[in-house]
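What follows is a short report on a single structure.
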Amino acid sequence: MQRLMRISFLLLTACTLFGVDATQAEDKKAEDKIKVILIDGQNNHNWRATTPIMKKALEDTGRFTVDVTSNLKEGDKPGNVKDTVPFPPDLGKYNVVLSNYNGAAWTAEFQKTLDENLKTGKVSLVIVHAANNAFGNWDQYNKMIGMGWRGNGAGDRLTLDADGKEVRVPKGKGPGAGHGSQHPFKVVVRDGEHPITKGMPKEWMHAQDELYHGMRGPIENVHLLATSFADKAKGGTGEHEPMIWTVTYDKGRVFHTPMGHDVAGMRCIGFITTLQRGTEWAATGKVTLPIPKDFPTAEKTSSISEK
Ligand code: ZN
């Protein structure tokens, strides 16, 4: 009987200890999630439709929490995400700023806060598609994004020569930013050793999207990860255009994808995976999120279903 009681006591103790451990582990897990603040509210694109796709793509990994803040025009109706955070957000609460915003200038105070927090590495920045059209007159922003939708007088351009070597085209020479007709296009990984692209197929077909070309900017500390060929037959430049890159902004990390014009472009599993891995890398400098089995191949696009 005594022996039985001792065993029961040990079991009880073990269970209690295990219970405490499990609870602590869960708490830590929640705390360990990367906290993303997604900014939208103004964009010449359908931000009300695209924000929920990006929020879900990130949160489905279990690695992120995504809050949304909408900098609406006065009198404009809110987006489709409930319980949004007022704009401007408190950046002290977040690891990553994801911009789905292309509209009126942010307040000087918020610009300064973002700049300082990014420079010191307290937050990271993720730029998607038309977010690179914004704030052409904000010098620091141009440095943060590396290059974006600007006229050819606004800065240099990056392309590749016949050997695949990077060529810098000076300001004023060649095309400024634009895009041809929308079509599925091939993304060619140029650095397969970077954490974001490691393990990706060397070439993969992106779903129908706008292929931005002639993007311009200061291009400081830009690391080019992938390019796409802008076919002249589709209204492109007939050259290789930057398609995924990172920027080192003092101590800060920036991930930039010019893909993602609309819902169709964002349903591409290539887009989703690069957004997930790029955001994780921006936050931590490392990537743990896998490349899914249904990732697009060199011949075939692959998208999530519409439901
Ligand atoms: Zn677009």
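The values are calculated or read from the model by the stated rules, or taken from the named source; none is laboratory data. Remember, it's a predicted structure, so these values are computed and weren't measured experimentally. Note that each Cβ is placed from the backbone with ideal geometry, even for glycine, and that neighbours are counted across all protein chains shown. Remember, those area values only see protein heavy atoms, side chains included, never the ligands or the DNA or RNA. Shrake-Rupley method; radii C 1.70, N 1.55, O 1.52, S 1.80 Å.
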Next on the checklist: Name the residue that is most open to solvent (accessible area, probe 1.4 Å), counting only residues in the stretch 108-124 that are in a loop (DSSP other than H, G, I, E, B) and in contact with a helix residue (DSSP H, G or I) (Cβ under 9 Å, 6 or more places away or on another chain).
Outcome noted: Lys122
Checklist outcome for this item: Note: among Pro296, Pro292, just one is buried (at least 23 other Cβ atoms within 10 Å of the Cβ), touching a residue at least 12 places away in the same chain (Cβ under 8 Å) and on the phi < 0 side of the Ramachandran plot, namely Pro296
Checklist entry - If you check Ala226 against the conditions, is it at pLDDT 95 or above, open to solvent by less than 70 Å² (accessible area, probe 1.4 Å), more than 16 Å from the ligand (Cβ to nearest atom) and closer than 19 Å to Val169 by Cα? => result yes
Checklist entry - If you check Tyr141, Tyr101, which single one turns out to be free of Cβ contacts under 8 Å to residues at least 60 places away in the same chain, within 18 Å of the chain's Cα centre (by Cα) and within 27 Å of Asp262 (Cβ to Cβ)? => result Tyr141
Next on the checklist: Given the condition aliphatic (A, V, I, L, M), at pLDDT 95 or above, within 16 Å of the ligand (Cβ to nearest atom) and more than 19 Å from Val66 (Cα to Cα), answer yes or no: does some residue in the stretch 231-249 qualify?
Outcome noted: yes
Item to check | Residue list for the stretch 152-161, filter: within 7 Å of Arg216 (Cα to Cα) and either open to solvent by 20 Å² or more (accessible area, probe 1.4 Å) or in contact with a Pro (Cβ under 6 Å, 6 or more places away or on another chain) (or both) | outcome: Asn152, Ala154, Gly155, Asp156
Item to check | Whichever residue in the stretch 159-174 is assigned to a strand (DSSP E or B) and without any contact (Cβ under 8 Å) to a residue 40 or more places away in the chain and, among such residues, is nearest to the ligand (Cβ to nearest atom) | outcome: Val169
Checklist entry - Do we have Asp83 as under 20 Å from the mean Cα position of the chain (by Cα) and of a type outside the set (A, V, I, L, M, F, W, C) here? => result no
Item to check | Selection count, the stretch 204-225, where residues are at negative phi and either part of a loop (DSSP other than H, G, I, E, B) or free of Cβ contacts under 8 Å to residues at least 40 places away in the same chain (or both) | outcome: 8
Next on the checklist: Just to be sure I understand, how many residues within the stretch 40-74 are out of contact with any strand residue (DSSP E or B) (no Cβ under 8 Å at 6 or more places or on another chain) and either of a type in the set (Phe, Trp, Tyr) or away from the ligand (no atom under 16 Å from the Cβ) (or both)?
Outcome noted: 9
Next on the checklist: Looking at the stretch 175-193, can you tell me whether even one residue there is under 29 Å from Thr113 (Cα atoms), part of a loop (DSSP other than H, G, I, E, B) and out of contact with any strand residue (DSSP E or B) (no Cβ under 8 Å at 6 or more places or on another chain)?
Outcome noted: no
Next on the checklist: Which condition from (1) hydrophobic (A, V, I, L, M, F, W, C); (2) more than 16 Å from the ligand (Cβ to nearest atom); (3) closer than 21 Å to Ala134 by Cα; (4) under 16 Å from the mean Cα position of the chain (by Cα) is the one that Ile219 breaks?
Outcome noted: (4)
Next on the checklist: Can you find, within the stretch 125-147, the residue that is farthest from the ligand (Cβ to nearest atom) among those that are part of a loop (DSSP other than H, G, I, E, B) and among the hydrophobic types (A, V, I, L, M, F, W, C)?
Outcome noted: Trp138
Checklist entry - Does Lys202 count as under 25 Å from Thr279 (Cα atoms), of a type in the set (Lys, Arg), more than 16 Å from the ligand (Cβ to nearest atom) and under 17 Å from the mean Cα position of the chain (by Cα)? => result no
